[in-house]
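Accompanying notes for the structure given below.
The values are calculated or read from the model by the stated rules, or taken from the named source; none is laboratory data. Fair warning: this is a prediction, and the values are worked out from it, not measured in the lab. With ideal geometry, Cβ positions are generated from the backbone for all residues, glycine too; neighbour counts draw on all protein chains shown.
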Amino acid sequence: MGSETTNLPLVVGIVGATGTGKTELSLQLARRFGGSIISADSMQVYQGMDIGTAKPSLSERVGVPHALIDVVRPDCHFSVAEYQVLALEAVNVAIRSERLPILVGGTGLYVRAVLDGYEFLPEKPNASLRNQLRMLPEGELRQRLKAIDPLAEREIAANDSRRLERALEMVAQTGGLPSVLKRRQHAVPWRVLRIGLRAERAELYGRLDRRVDAMISAGMEDEVRRLLAHGLNPDDTAMQGIGYKELSSWIRGEIGHDEAIELWKRRTRNYAKRQETWFRTEKSVHWINVSEHASGWVLAQATALVESAAGGQDR
């Protein structure tokens, strides 16, 4: 590695499936190395959606700058390109403040947009086309995209109709494949350390089921009722989030309470499985298996990785 590269500032990315302990580790590393945390979670950007998105609490955030949490109202559209602009600025703010930028989250495209320097095409909304697409159910949108660009379709999470619509708009506007167009990249002006957390499947699923139960105990049902009472539409992108969608259906009397909880747990497990598949394709990730290890052991492994990447140099 040349001297020009080693003199670049370091950015740490913490990735992995939901429920593997990314938030806890990021807070520990931020306190250990004087870091600033930049969330890479597509649901934590929404204001008022706290319990179901597993946002770090205000007490946890004390003394650690956080960015990209509570950015927009839940009834607003928010794209990955908009996220990238704000996240890049947050990284630069941390670097200028001589803090270690720590990008943490399970939304793979958000992580890649920042750490891999994705270049996004400017949106040119076609109102007529968008209205036509919004009349279609998610299943049909997904089948249309799969027939055109299977790779792009696999990268879009369940219940994310807006991204399916955007991908089909991109095809109509450019004639190109979204999976290709979204991979135009430029070099980023920093060194990147990627740390990945993973757990054995059975343990992970147990963690996720217990987390859903904990969210119910913490008042998730009241949180969903409040969002609906404030005028949020069940079809809004934010309300398609796992947990919010199922409880919204229960509150509206479409399904029973037990069915809603079981759907929430099952979809959370399925989402974690998709995240694992996504992050397995990431290059240069230093994986730490959190199964059967205390948080202190995980922190020690991650600390050694950061110290080695920093090389004893000032950030």
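Brief remarks on what is shown
- When segment 196-213 is limited to residues that are over 12 Å from LYS265 (Cβ atoms) and small (Gly, Ala, Ser), the one that is surrounded by the most Cβ atoms within 10 Å (Cβ to Cβ) turns out to be ALA199.
- For segment 98-116, the set of residues classified as in contact with a strand residue (DSSP E or B) (Cβ under 7 Å, 6 or more places away or on another chain) and within 18 Å of ARG31 (Cβ to Cβ) consists of ARG99, LEU100, PRO101, ILE102, LEU103, VAL104, listed by residue number.
- Here the condition is being at pLDDT 95 or above, closer than 16 Å to SER308 by Cβ and not in a loop (DSSP other than H, G, I, E, B); of VAL11, VAL15, it holds for VAL11 alone.
- Note on segment 251-274: among residues that are among the small types (Gly, Ala, Ser) and part of a helix (DSSP H, G or I), the one that is nearest to ILE195 (Cα to Cα) is ALA272.
- Each residue in segment 33-90 was checked for being farther than 17 Å from VAL104 by Cβ, in contact with a Pro (Cβ under 9 Å, 6 or more places away or on another chain) and assigned to a helix (DSSP H, G or I), and 1 pass.
- Looking across segment 275-315, the residues that are outside any loop (DSSP other than H, G, I, E, B), without any contact (Cβ under 8 Å) to a residue 12 or more places away in the chain and either hydroxyl-bearing (Ser, Thr, Tyr) or buried (at least 18 other Cβ atoms within 10 Å of the Cβ) (or both) come down to THR277, SER308.
- For segment 171-250, the helices (runs of 4 or more DSSP H) that sit wholly inside it and include 1 or more residues that are under 21 Å from ASP160 (Cβ atoms) and at pLDDT 95 or above are 201-217, 220-229.
- Within segment 104-151, the set of residues being at pLDDT 85 or above, within 30 Å of ALA187 (Cβ to Cβ) and of a type in the set (Lys, Arg) comprises just one member, ARG112.
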